[in-house]
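Worksheet: the structure to be examined is printed underneath.
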Amino acid sequence: MNAIASETVLVAFVVFSRVGACLLLMPGFSSPRIPVQVRLFIALALALALTPLLLDELTPLVRGGDPVGLLRIMASELFTGALIGLLGRTFFVALETIAMGIAMAIGLSSNLGAPVNEDEPLPALSTLLTLAATVLLFLTDQHLVIVRALATSYTTLPVGSGFAAQPALAQLASAAGQSFLLALRIGSPFLIFSIVLNFGIGLTNRLVPAVQIFFLASPFLLIGGLLVLTLTVRPLLQLFIAAFSRFMVTG
């Protein structure tokens, strides 16, 4: 293998370090429902697609074949890719958390469904909202936005600059704050409905203590919660996808 070919292979490995770590954590691509071999080939295909665009920029960094320097660069790229994946995953973690809160608020927390992005069983409502958001991610071409953001990251976070842990943690904390604030907006109709209804139930129970109000109120809580879900699920998912897309574009 000549020098040009070896340098090209090393550049491809460096690109794969960031791409593979990102897709390992990025929602949609990291779902356990996708076979490991498929995820590996997606990461390889994307890394090979980006390699020609970055070949001139990264070749001087791998020239000479210093093992310690290459390991340092690859470790930095792994952390950078993991950071990008975590930034996207925080939105889906926030959605999953608020969906579990919604399920508890309307009395659906005991019905567990098959997990989508996780390995643990979740309430059926949480699984439904997470699955719908994951499907919308691909239907609205947000996976292309993720790929574009990953390619743009080589401009904002160039290879060889090292991994700055403190700014990365600050950015991750900012993304978590934005995502959970969005989750609170998504879950607010259900939380308000639950608080108002439970307040009315408690007041009724104080006025008529002989009536087993809990057994009478549970169907109203469930039916009302499902009615609120029917009326709000479309704008809530649109709000989530729009916020996720905006964050992936602007960072």
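Just so you know, all these numbers are worked out from the coordinates, no wet-lab data involved. Everything numeric here is computed off the predicted structure, so don't read it as measured data. Cβ coordinates were reconstructed from backbone atoms using ideal geometry, including for glycine residues, and neighbour counts include every protein chain displayed.
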At 24 Å minimum axial length over the Cα atoms and a Kyte-Doolittle cut of -1.0, report the qualifying DSSP H helices in the chain, or say none.
-> 3-25, 36-62, 67-105, 165-207, 213-250
Normalized C-alpha radius of gyration of the stretch 70-110, against 2.2 N^0.38 Å?
-> 1.89
Given the peptides 222-235, 132-145, arrange them by the average over their residues of other C-beta atoms within 10 Å, most packed first.
-> 132-145, 222-235
Towards the positive end of the charge dipole of the chain, with charges on Cβ (+1 Lys, Arg; -1 Asp, Glu), say which of 123, 28, 62 has the farthest Cα.
-> 123
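Most exposed first by the Cβ proxy, i.e. fewest other Cβ within 10 Å, how do 57, 77 rank?
Lowest to highest Cβ neighbour count: 57, 77.
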Using the Cα atoms of the chain to build a convex hull, what is its mean projected area in square nanometres?
-> 15.7 nm²
Throw me the Rg/Rh for the stretch 135-181, computed over C-alpha atoms with Kirkwood Rh, two decimals.
-> 1.07
For the stretch 182-243, divide the Cα radius of gyration by the Kirkwood radius and give the resulting Rg/Rh value with two decimals.
-> 1.13
